[in-house]
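J.: The structure's right below; bear with me while I get my questions together.
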Amino acid sequence: MLKRLSFSDRLMLVIIYSLLSLLAFSAFYPFWNAIVVSFNVGVDTAKGGITFWPREFTLQNYEIILGDSRLLNGFAVSISRAVIGTVASIFMTALLAYGMTRTYLIGRGFYMVFFVFTMYFGGGLIPTYLLIRSLGLMDSFLVFIIPSLISVWNMIIFRTFFKGLPNGLEESAHIDGCSTWGIFFRIILPLSGPVIATLALLTAVAHWNDWFLPSIYITNGNLMPIQTILRETLNANIVSEQTALLDTSSIALMEKTKQITSKSLQMAIMIVVTMPIIMVYPFLQKYFVKGVLVGSLKE
């Protein structure tokens, strides 16, 4: 194949592949460097110059994180939240989007304006907190699920995709005696696989990465997700590091701080939190680009 190409074409291919390789390296290297730093001794990391492999290998950063007794429970909470929250949000959002495509829906234009309005204007943290408390969702697992049941952005993508489906499908189903619910579950959802997979991935990532919401609405340690727990672990380590610097009489604490710094622990925490969700990407990657395009360009 390459022999048939002219010199200029082969030169162009070399340039293109070189640029793409450089771009791939620039995207992957920060993540690889974080892995390297997470396995390096903290005091050595502070000296700088850590690039492609650890200079002084250690597992102490991960021993601190994995040694936290709350970690396993935090993983269970995060996984439960990501799975239940994603399934519930995708189902409710798709159901709403399907309803918004019905031409006989009275006030459809008003509802659409109302939904879009919420994308640009919110009540703020304090009114939201008061609302969550009045609903009795404080220290409840439902606080992870109910406030995020509907995503307007996802609803618009679903709605655009549904409007692009042939009308003959629903008309044929109606003639065969299929109900509206039957059309939605037997025809619409099966045809929406790429969009569902893409939006499910984005929703799951949002649930998995969220640490701010639990820090406000959750005080029960048994309901703390892994992200919030690891953030507290990092903050506690920073405090210990600063205490050791101020308390020069605490030799044992200073020695421990030398081995484990906030930066090295931060990198280890990032790897622990990131790896589970990264493992999901390969299974949904083939749907990602296709799902976003078919759900945003058809009209």
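J.: What about Y17, is it surrounded by 10 or more Cβ atoms within 10 Å (Cβ to Cβ) and within 27 Å of the chain's Cα centre (by Cα)?
T.: It is false that Y17 is surrounded by 10 or more Cβ atoms within 10 Å (Cβ to Cβ) and within 27 Å of the chain's Cα centre (by Cα).
J.: Kindly provide the set of residues from segment 34-56 that are within 22 Å of L230 (Cβ to Cβ) and not in a helix (DSSP H, G or I), ordered by number.
T.: Residues satisfying the conditions are F39, N40, V41, A46, I50, P54.
J.: Of all residues in segment 35-52, how many are surrounded by fewer than 16 Cβ atoms within 10 Å (Cβ to Cβ) and among the aliphatic types (A, V, I, L, M)?
T.: Number of matching residues: 2.
J.: Where in segment 162-221 are there helices (runs of 4 or more DSSP H), lying fully within it, with 3 or more residues that are open to solvent by 20 Å² or more (accessible area, probe 1.4 Å) and either among the polar types (S, T, N, Q) or within 16 Å of L95 (Cα to Cα) (or both)?
T.: 167-175, 193-209
J.: Find the residue count for segment 135-147, including only residues that are open to solvent by 40 Å² or more (accessible area, probe 1.4 Å) and part of a helix (DSSP H, G or I).
T.: Residues in segment 135-147 being open to solvent by 40 Å² or more (accessible area, probe 1.4 Å) and part of a helix (DSSP H, G or I): 4 in total.
J.: Also, I was wondering about something else. Being surrounded by fewer than 19 Cβ atoms within 10 Å (Cβ to Cβ) and either farther than 30 Å from G136 by Cβ or at pLDDT below 75 (or both): is that true of T248 here?
T.: yes
J.: Which residue pairs have Cβ atoms under 8 Å apart, sit 6 or more places apart or on different chains, and have a first residue in segment 49-76 that is on the phi > 0 side of the Ramachandran plot and a second that is of a type outside the set (S, T, N, Q)?
T.: Final answer for the pair search is G49/R55.
J.: Could you list, in sequence order, all residues of segment 54-103 that are open to solvent by less than 30 Å² (accessible area, probe 1.4 Å) and hydrophobic (A, V, I, L, M, F, W, C)?
T.: I65, L71, V77, A82, A88, I90, A94, A97, M100
J.: Please find, within segment 104-134, the residue that is surrounded by the most Cβ atoms within 10 Å (Cβ to Cβ) out of those that are among the β-branched types (V, I, T) and free of Cβ contacts under 8 Å to residues at least 60 places away in the same chain.
T.: Step by step, filter segment 104-134, then rank; the result is T128.
J.: Aromatic (F, W, Y), within 28 Å of W211 (Cβ to Cβ) and not in a loop (DSSP other than H, G, I, E, B), is that true of F31?
T.: yes
The values are calculated or read from the model by the stated rules, or taken from the named source; none is laboratory data. Every value quoted in this text rests on a predicted model; they were computed, and no experiment measured them. Note that we place each Cβ from the backbone using ideal geometry, even for glycine, and neighbour counts take in every protein chain shown. For accessibility, only protein heavy atoms count, side chains too; no ligands or nucleic acids. Shrake-Rupley method; radii C 1.70, N 1.55, O 1.52, S 1.80 Å.
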